[in-house]
Amino acid sequence: MKYRVPRNVKSTMSFMGLELKGWLLYLPTVSILVAFFLLIIPKTEVKLLGSIFSAAIGHVMFQTDEKTGVLNISLFLERIKWIYFSEKIIYPTWSEESERTSGLKITVQKERTRDTETRDSY
């Protein structure tokens, strides 16, 4: 998982909190989940709760995150992938090159005269 610096993203037009891409993914996904609950599950209470839950979770998952500009489901899937399928150690990289640069610190001391010492001590 790469570390991303959060940035504010200007949102585009949205209807009920979902942008066009979110609606195109939300409608078929929720339709399939609601059809599953209505056709497969025999209890009426479970049908109703499952349909409402799938619509609400789908709505949250297909909203665009304001900090990164991607859908919440992408962030969720990336997090799941990082938890279960990758190393837990994060190595920050500061540039594309992996070479280390070294520097030399030079301190220059200036010799003070008597006149500057008396001027400095007011």
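The values are calculated or read from the model by the stated rules, or taken from the named source; none is laboratory data. Because the structure is a prediction, the values reported are computed rather than measured. Cβ coordinates were reconstructed from backbone atoms using ideal geometry, including for glycine residues, and neighbour counts include every protein chain displayed. These accessible areas exclude ligands, DNA and RNA; they are computed on the full protein's heavy atoms, side chains included. Shrake-Rupley method; radii C 1.70, N 1.55, O 1.52, S 1.80 Å.
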Exercise. Taking segment 39-63, which residues are of a type in the set (S, T, N, Q) and either open to solvent by less than 40 Å² (accessible area, probe 1.4 Å) or within 13 Å of residue 23 (Cα to Cα) (or both)?
Worked result: 51, 54, 63
Seminar exercise, completed: Restricting segment 40-74 to residues that are under 13 Å from the mean Cα position of the chain (by Cα), among the hydrophobic types (A, V, I, L, M, F, W, C) and outside any helix (DSSP H, G or I), the one nearest to residue 25 (Cα to Cα) turns out to be 71
Problem set entry | Hey, residue 94 at pLDDT 70 or above and either in a helix (DSSP H, G or I) or more than 30 Å from residue 15 (Cα to Cα) (or both) or not | no
For this session: Scan segment 18-38 for residues that are open to solvent by less than 90 Å² (accessible area, probe 1.4 Å) and out of contact with any helix residue (DSSP H, G or I) (no Cβ under 7 Å at 6 or more places or on another chain) and report the count.
Result: 7
Problem set entry | Close pairs from segment 64-90: first closer than 14 Å to residue 19 by Cβ and open to solvent by 50 Å² or more (accessible area, probe 1.4 Å), partner among the acidic types (Asp, Glu) and assigned to a helix (DSSP H, G or I), Cβ under 9 Å, at least 6 apart | 70/78
